[in-house]
Each structure stands twice: as C-alpha cells, then as structure tokens.
Protein chains: 2
Amino acid sequence: MDPIEDPIEALDFSKANGLVTAIAIDDATDEVLMVAFMNPEAFRLTLSRGEVVYWSRSRNKLWHKGEESGNTQKVKSLYIDCDGDVVVVRVEQRGGAACHTGRRSCFFRKLQDDGTWKDVGVQVFDPKEVYGK
Amino acid sequence: MDPIEDPIEALDFSKANGLVTAIAIDDATDEVLMVAFMNPEAFRLTLSRGEVVYWSRSRNKLWHKGEESGNTQKVKSLYIDCDGDVVVVRVEQRGGAACHTGRRSCFFRKLQDDGTWKDVGVQVFDPKEVYGK
C-alpha cells in the first residue's frame, strides 16, 4: 500500500467542480439510501465527526445530514472507487429514513414492465411533521 | 401514480450537463459494483437491450459496458431517486467483475482506522489478459 498519510489524498475532486459523489448505503440492509456530494471539508468533517456531512449543491453550503430531521447517518465504514471520484459510506441510518419525503430510501421508484414508475418505498415519517412544511 | 408514458420523463438530466449518475448494484449480493453516467440515449439503450449502456465522459461516447471484456451487465431492475438525477440499476454481472482492474467491484479500497486505504477487493480476472494492455 502506498504510504498515504491523509486519506483525502486518494480522492479526485477535479471531475465534478471540486466535489466527489457520495453514496450512502444502509449498513444493516445493504440498501442504497441516497446519493449526494462532498467537497474536501465535508469529507474531513465526515471522518472527524463520525457522522455524514455532505455539500449541498442547491443550498451551496455544508449539510450535516439529519441536522433538521434528526435522522443523522453514523459512519460504519467508508470505501472509494478505482478512480477516486466516488465515496461509498456505509451508515447506520438514525430514525430509519434517509429521504426528505420520509421514505427509508430516496430510491423508492421502481421501473415496471409497462414503462411506469411504481412507488415501492417504505414510509417512515411524515415530512410535514418533521420539517413543519 | 402519474400517467407517465415514457419512463425517461421522470429523469432530470439538467444537473450534470445532460447526464444522470448511474449506480450498478450486484443483484445477487447487493454490492455496489460501479458508478458511471448515462445520457438519454444510454438510458434508452439500457432499457431496450436489457444490458447496461453508459455514457463515457472520458471517451465522450456511448459505452456498452463489457463490450471489450465480455463482462456485460444484465438489467434485473431499475430505480430512480426522489429528484430523478440518479439511477440505480440492479444487475447480473457477467464474468463476475465490474472493475477495469479485474476486481469484482470498483469500491475495493476501504478506509482503515489509521487513515490508510486497504485493498479489500476480490480479484476476478487479470486485466492484462482481458484488455491485452
């Protein structure tokens, strides 16, 4: 193994305007929970806090996942792909739901044979109650 | 469910220069195999062929995964996330390996407690033999 001192050196932020793609996987079920982005600071904070911090492209700021809903993501393990532009974070999803819609996973729409998308999501909370909007 | 006739209408290609992120999951093991991109044509071809077709950003062309190595990805099911900019494709990975390095998954580097990345990958084929380079 190369003597890399700082794990961030293995990441390539150059392909997506200073960001890497981050995929959160439920460590208990292997389910894909959500996909978002990290800038270097978000990656460092994720490691130091042990909870996932993303970079929100829409709000243009650091996003400590669950800061509003309480549904934080505890880091269990972390992987990067062969070219270092994607991070997989296996997490313990607190509150049981990652999606802002209150569903367990953001990937709740499954393609059917007739070409339609079916909602196969598991509703965990009511977003109106959690976010008050 | 909304009466969407063409499944591509649910996808949002506007956030990443005409592409959506595509995550391939091994349908048998739930393992994250690789992450790449699709443009509308790649998505349509993926559906019509039943094998995954990506858009290669580096080669700037359609990329029928496995066209060179033989390690094609048979589509088992397909999901999109809440905002429609990421596709999860659950696949049967022919040849047992998705990564160009010959490993089963591209996510073969796992972060260790000491901050180093450890290769925990499963080597399936020798890339020199498969790609002849």
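The values are calculated or read from the model by the stated rules, or taken from the named source; none is laboratory data. No experiment lies behind these values; they were computed from the predicted model shown. Positions of Cβ are backbone-derived with ideal geometry, glycine not excepted, and every protein chain shown enters the neighbour counts. Calculation scope for accessible area: heavy atoms of the full protein, side chains included, ligands and nucleic acids excluded. Shrake-Rupley method; radii C 1.70, N 1.55, O 1.52, S 1.80 Å.
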- Query: Can you pull out the residues in the range B:34-50 that are open to solvent by 40 Å² or more (accessible area, probe 1.4 Å) and within 21 Å of residue B:76 (Cβ to Cβ)?
  - Reply: B:44, B:45, B:47, B:48, B:49
- Query: Considering the range A:1-49 alone, what residues qualify as being modelled with pLDDT under 95 and not charged (D, E, K, R)?
  - Reply: A:1, A:3, A:4, A:16, A:17
- Message: If I filter the range B:1-47 down to residues being without any contact (Cβ under 8 Å) to a residue 60 or more places away in the chain, under 19 Å from residue A:106 (Cα atoms) and part of a helix (DSSP H, G or I), which single residue comes out as nearest to the other protein chains (Cβ to nearest Cβ)?
- Response: B:7
- Is it true that residue B:128 is under 26 Å from residue A:10 (Cβ atoms), free of Cβ contacts under 8 Å to residues at least 40 places away in the same chain, surrounded by fewer than 19 Cβ atoms within 10 Å (Cβ to Cβ) and within 11 Å of chain A (Cβ to nearest Cβ)? no
- Which members of the range A:68-116 meet the condition of being open to solvent by 10 Å² or more (accessible area, probe 1.4 Å), polar (S, T, N, Q), more than 8 Å from chain B (Cβ to nearest Cβ) and not in a loop (DSSP other than H, G, I, E, B)? A:93
- Message: So, in the range A:48-67, exactly how many residues are of a type in the set (Asp, Glu) and either in contact (Cβ under 8 Å) with a residue 12 or more places away in the chain or within 9 Å of another protein chain (Cβ to nearest Cβ) (or both)?
- Response: 1
